[in-house]
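What follows is a short report on a single structure.
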Amino acid sequence: MASERVITVLGIETSCDETAAAVVRSNGEVLSDVIESQVKAHAPYGGIVPELASRDHLRNVRPVIEAALSRAGIGLPEVDGVAVTARPGLAGALHVGAQTALGLAFARGLPIVGVDHLVGHLCAAYLQYPESPSTPPETPFLALLVSGGHTALYRVDELRAAGIRELGATRDDAAGEAYDKVGKLLGLGYPGGPMIDRLAHEGDATRFELPRPLNRRDSLEFSFSGLKTNVARWVEQNGRPQSRQQLCDLCAAFQQRVVETLVRKSVAALEREQLRTWVIGGGVAANRGLRTAALAAAEARGARLVVPIPRACTDNAAMIAFAGALRLLAGENDGHSLEVSPHTELPQTTRKGRGQRPSAAG
Ligand code: KG4
Ligand code: ZN
């Protein structure tokens, strides 16, 4: 971010179940941020149906882009470049955004860059919304990324894949995935995260004995599937909670275990990497329990915590536009070589289900 030049970027995001477009300046200023959620379309299925996602993206992408430009009060001629989520995500869904972005860029002769969705989530900490100005984090920092598809700790020296190192990730379910699976078990619908968060605030976590996930002190890896299995076992033995209070207590116990693990491992990573700035991103960063506990832990250590406003934590195109602006400012242009992929470009050292590769230990 050394550049003084400020450019205006149109961002497009279609990797999962939100069709989103935003206009953002390279100084982080968000001019518009439009999100069309497909949650209702997928809710009856208890999860995301890829074909439905592609169909709805096709239907929504054009009006969403038009709304983003109109709310920003600009036309395409005033846009300096296009950024689109190129990975990771559902292949069919990613294609809709990428083809639309390519069409726009070629028609207007604009540079275009593909953005890794996970780098986008880390960039949300830099967004400046008119209602909540904030001081952006300085590198190097520790990033805790907690979404529906990923849960990992990173050391971020630079905001591009080559400057990001994974310190530990989940060996099984992502935190958001565990929330959604527990939500389904408890009959709360999809996605379970926001609902469990709400119910947990009315509950007493001490009324349920649930084990703490992967308690090995020296590991920065996570595991949430055991915790989910324990909730499943409880439901098998007792049926769904009988009263609202029991439901709230169970949600509170589950949430406390997840939050406690996320915060404890983050603090261990801050110590190990000797970092003083801690950024949290991804859908689960909208969680009130996590935000409160993280702030207390950061204050206790004299570390600076940067968590985006809740709407910037969940999927959006403003974070994609900002991540793209960094590449565009550096003179990069993917042009015809833009490709989509279901996999992230961030280094992955944690093996699913099997622990860390020996070469990546430490
Ligand atoms: O980042 P995101 O919007 O999409 C992915 O890239 O995965 O994250 C979605 C995930 C879902 O699993 C959802 O249940 C979870 O974030 N989530 C929450 C909350 N809001 C969204 N989990 C816990 N508490 C919340 N308040
Ligand atoms: Zn996401």
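The values are calculated or read from the model by the stated rules, or taken from the named source; none is laboratory data. Since this is a predicted model, take the numbers as computed values, not measurements. Cβ: placed from backbone, ideal geometry, glycine included. Neighbour counts: every protein chain shown. When the accessible area is computed, the model is the full protein with side chains, heavy atoms only, and any ligands, DNA or RNA have been set aside. Shrake-Rupley method; radii C 1.70, N 1.55, O 1.52, S 1.80 Å.
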Counting only residues in the range 102-128 that are touching a helix residue (DSSP H, G or I) at 6+ places or on another chain (Cβ under 7 Å) and within 15 Å of residue 33 (Cβ to Cβ), the one surrounded by the most Cβ atoms within 10 Å (Cβ to Cβ) is identified as 121
Only one of 160, 165, 155 is open to solvent by 50 Å² or more (accessible area, probe 1.4 Å), modelled with pLDDT of 95 or more and within 30 Å of residue 330 (Cα to Cα), namely 165
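Per-residue answers, yes or no, for (1) in a loop (DSSP other than H, G, I, E, B); (2) among the charged types (D, E, K, R); (3) surrounded by 20 or more Cβ atoms within 10 Å (Cβ to Cβ):
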residue: 40; (1), (2), (3): no, yes, no
residue: 60; (1), (2), (3): no, no, yes
residue: 92; (1), (2), (3): no, no, no
residue: 95; (1), (2), (3): no, no, no
residue: 100; (1), (2), (3): no, no, yes
Within the range 180-196, the residues that are more than 8 Å from ligand 1 (Cβ to nearest atom), open to solvent by 10 Å² or more (accessible area, probe 1.4 Å) and either touching a Pro at 6+ places or on another chain (Cβ under 7 Å) or of a type in the set (A, V, I, L, M) (or both) are 185, 186, 188, 195
Of (1) within 22 Å of residue 83 (Cα to Cα); (2) open to solvent by 10 Å² or more (accessible area, probe 1.4 Å); (3) away from ligand 1 (no atom under 13 Å from the Cβ), residue 149 satisfies every one except (3)
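Results for (1) of a type in the set (Val, Ile, Thr); (2) away from ligand 1 (no atom under 13 Å from the Cβ); (3) more than 21 Å from residue 298 (Cα to Cα); (4) in a helix (DSSP H, G or I), shown as yes or no for each residue.
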| position | (1), (2), (3), (4) |
| --- | --- |
| 137 | no, yes, no, no |
| 144 | no, no, no, no |
| 167 | no, yes, no, no |
| 178 | no, no, yes, yes |
| 198 | no, no, yes, yes |
| 212 | no, yes, yes, no |
Quick one: is residue 157 more than 15 Å from ligand 2 (Cβ to nearest atom) and of a type outside the set (Lys, Arg)?
yes
Considering residues that are within 12 Å of ligand 1 (Cβ to nearest atom) and either modelled with pLDDT under 95 or surrounded by fewer than 19 Cβ atoms within 10 Å (Cβ to Cβ) (or both), the number found within the range 266-291 is 2
Filtering the range 16-33 down to residues that are touching a Lys or Arg at 6+ places or on another chain (Cβ under 8 Å) and within 15 Å of ligand 1 (Cβ to nearest atom) yields 33
Of the residues in the range 4-15, those that are within 19 Å of residue 112 (Cα to Cα) and more than 16 Å from ligand 1 (Cβ to nearest atom) come to 5, 6, 7, 8, 9, 10
Exercise. Might you let me know whether the range 300-309 holds any residue that is more than 30 Å from residue 8 (Cα to Cα), away from ligand 2 (no atom under 16 Å from the Cβ) and open to solvent by less than 60 Å² (accessible area, probe 1.4 Å)?
Key: yes
**Request:** May I ask you to verify whether residue 78 is farther than 22 Å from residue 294 by Cβ and surrounded by fewer than 16 Cβ atoms within 10 Å (Cβ to Cβ)?
**Result:** yes
For the range 310-334 the number of residues that are under 23 Å from residue 16 (Cα atoms), in a helix (DSSP H, G or I) and open to solvent by less than 30 Å² (accessible area, probe 1.4 Å) is 10
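When the range 335-350 is examined, which residues are found to be open to solvent by 40 Å² or more (accessible area, probe 1.4 Å) and assigned to a loop (DSSP other than H, G, I, E, B)?
339, 342, 343, 345, 347, 348
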